[in-house]
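Colleague: Below you will find the structure I want to go over with you.
The values are calculated or read from the model by the stated rules, or taken from the named source; none is laboratory data. Note that the structure is predicted; figures quoted are calculated from it, not measured. With ideal geometry, Cβ positions are generated from the backbone for all residues, glycine too; neighbour counts draw on all protein chains shown. Note: areas computed on protein heavy atoms with side chains; ligands, DNA, RNA excluded. Shrake-Rupley method; radii C 1.70, N 1.55, O 1.52, S 1.80 Å.
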Amino acid sequence: QVQLVESGGGLVQPGGSLRLSCEVSRSISSPSLMGWYRQAPGKQRELVARLSVGGGTNYADSVKGRFTISSDNAENTVYLQMNSLQSEDTAVYYCNLVVIGSMLNEVYWGQGTQVTVST
């Protein structure tokens with residue numbers, strides 16, 4: 001069982017920054033995708049940013065130019081740098097890992113970390 005541990009959430013004012021971290025319990029040698037999702041109360045969970053093994057990235061339109069996803073392979077950690085935070089960014093942020101299998105994909109989620117942007 002792969003475990004994802006998130007950290008870095010908190011309360012910030014509009015325009016502030018946060019850096020979220022997601023540590024993976026073990027190295028993943030199989031092809032995989034890692035990313036960040038978020039879910040606000042009463043809303044569906046949505047993709048924020050995704051990083052592929054090949055280095056490609058995808059971002060939600062609402063965060064392009066403000067958020068950056070990156071990884072430190074030596075530390076088995078994925079980061080989400082969040083700049084120019086807005087009230088609309090308030091949500092629980094979840095780290096996500098998809099390990100690509102020949103027939104089935106294995107999906108793992110972190111426990112979530114709360115990000116609140118408010119005055």
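Colleague: Can you work out which of the residues in segment 95-113 that are open to solvent by 40 Å² or more (accessible area, probe 1.4 Å) and under 12 Å from the mean Cα position of the chain (by Cα) is farthest from residue 18 (Cα to Cα)?
Modeller: 109
Rundown of residues vs (1) touching a residue at least 24 places away in the same chain (Cβ under 8 Å); (2) among the β-branched types (Val, Ile, Thr), yes/no style:
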| site | (1), (2) |
| --- | --- |
| 63 | yes, yes |
| 70 | no, no |
| 75 | yes, no |
| 80 | yes, no |
| 112 | yes, no |
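Colleague: Within segment 54-74, identify whether any single residue is within 19 Å of residue 5 (Cα to Cα), touching a Lys or Arg at 6+ places or on another chain (Cβ under 6 Å), part of a strand (DSSP E or B) and at pLDDT 90 or above, and answer yes or no.
Modeller: There is no residue in segment 54-74 that is within 19 Å of residue 5 (Cα to Cα), touching a Lys or Arg at 6+ places or on another chain (Cβ under 6 Å), part of a strand (DSSP E or B) and at pLDDT 90 or above.
Colleague: If I go through segment 1-30 residue by residue, how many of them are small (Gly, Ala, Ser) and part of a strand (DSSP E or B)?
Modeller: Total satisfying the criteria: 3.
Colleague: Residues of segment 30-65 being open to solvent by less than 30 Å² (accessible area, probe 1.4 Å) and more than 16 Å from residue 110 (Cβ to Cβ), which ones?
Modeller: Correct list: 40, 60, 63.
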